[in-house]
1. Tell me the mean residue ellipticity at 222 nm calculated for the chain from its helices only (DSSP H runs of n ≥ 4, each -39500 (n - 2.57), averaged over every residue, nearest 500).
2. How much length would be gained if the chain were fully extended between residue 26 and residue 112, taking 0.36 nm per residue of separation minus their Cα-Cα distance, in nm to one decimal?
3. Counting residues in region 136-204 as N, plug N into 2.2 N^0.38 Å and put the Cα Rg over that result.
4. Restricted to Cα positions, what overall size does region 86-177 have along the principal axes? Three whole-Å values, descending.
5. Go through region 10-18 residue by residue and turn each phi into a ³J(HN,Hα) via Karplus (6.51, -1.76, 1.60, θ = phi - 60°); whole Hz please, and just put x for glycine and proline.
6. At a 10 Å Cβ-Cβ cut-off, how would you order 9, 140, fewest neighbours first?
7. With everything on Cα atoms, drop me the angle between helix 48-63 and the longest principal axis of the chain, reported from 0 to 90° to the nearest 10.
8. Show me, for region 138-155, the HN-Hα J-couplings you get by feeding each phi into the Karplus relation (A = 6.51, B = -1.76, C = 1.60, θ = phi - 60°), rounded to Hz, glycine and proline as x.
Amino acid sequence: MLKQAAIGVFDSGLGGVSVLHEIRHLLPAESLIYVADSAYVPYGEKTPAVIVQRSLAISEFLLAQPVKALVVACNTATAAAVNELRQRWPNTLIVGMEPAVKPAVLASKVARVGVLATTGTLRSARFAALLERYAGDVEVITQPCPGLVELIEAGELNSAVTRTLLLSYLQPLLAAGCDTVILGCTHYPLVKPLLRTLLPETVQIIDTGAAVARRLQSELAKKNLLAEQQQPHDLFYASGNVQCVEQTLSSLWFRSETVQALNV
């Protein structure tokens with residue numbers, strides 16, 4: 001029975017849909033339950049205590065469904081809360097996100113890497129530990145991106161406002177000569193087509209959605225929990241304005257979905 005249980009995925013909003021796409025591509029038989037904690041978006045501007053509280057509440061909701069694994073599809077929530085989640089539910093498979101510092105460092109030919117992320121992620125001890133572990137002699141230029149998540153949540157994936165804001169955040173990285181840019185927030189891959197038009201072709205863009213899906217697949221296989229062939233069922237929940245989330249989701253997912261209200 002547990003094999004056929006869904007995989008629970010959550011983020012502060014719809015950014016985690018970028019990870020959801022990678023999971024659906026790699027694991028087409030798995031059912032997915034996605035929670036957008038849109039009443040609290042963005043997590044990047046919240047205190048660690050608030051993020052931990054929200055992550056615990058949403059995880060408890062998902063585990064009650066039940067789900068066989070949890071994916072924390074948010075760099076900020078992973079940094080603030082994943083250790084607490086694993087302590088609370090030690091027997092549950094919990095997969096988190098973190099900026100792809102290691103692959104970016106290996107990919108950079110000029111030893112200069114830029115990071116676009118939320119303020120919360122860049123300030124976290126987890127991110128500092130990543131830099132200490134993997135950066136070595138590579139210069140890492142970090143750029144917080146306030147306001148970008150909110151534009152993506154509103155469905156402004158290619159608007160003039162989003163373009164102008166992105167340009168302002170990319171300029172310091174380009175001025176520093178970065179040849180590799182890490183997308184350190186799951187929202188940001190949703191504007192990758194726009195980013196690609198704003199960056200020189202020689203600049204690589206790296207995110208971790210595909211790597212997270214591969215790790216999830218590997219861990220489920222180890223536990224003999226991969227779903228057998230079935231017609232998967234996807235469910236979507238949001239803690240904020242359901243109509244707004246539905247509208248933006250329709251442009252991000254394969255098909256229109258009904259989003260249910262979440263009260264936790």
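Every number in this text was worked out from the coordinates using simple rules, so none of it is lab data. As the structure is a prediction and not an experimental result, all values here were calculated from the model. Ideal geometry is used to build each Cβ from the backbone, glycine not excepted, and the neighbour counts take in all protein chains shown.
1. -12500 deg cm²/dmol
2. Answer, rounded to one decimal: 27.8 nm.
3. My calculation over the Cα atoms of region 136-204 gives 1.09.
4. Extents along the principal axes, in whole Å: 47, 36, 20.
5. For region 10-18, the Karplus curve yields 9, 8, 5, x, 9, x, x, 4, 4 Hz.
6. Final ranking by Cβ density, sparse to dense: 140, 9.
7. Tilt of helix 48-63: around 40 degrees.
8. Those phi angles translate into 7, 7, 10, 9, 9, 9, x, 10, x, x, 6, 4, 4, 5, 5, 4, 7, x Hz.
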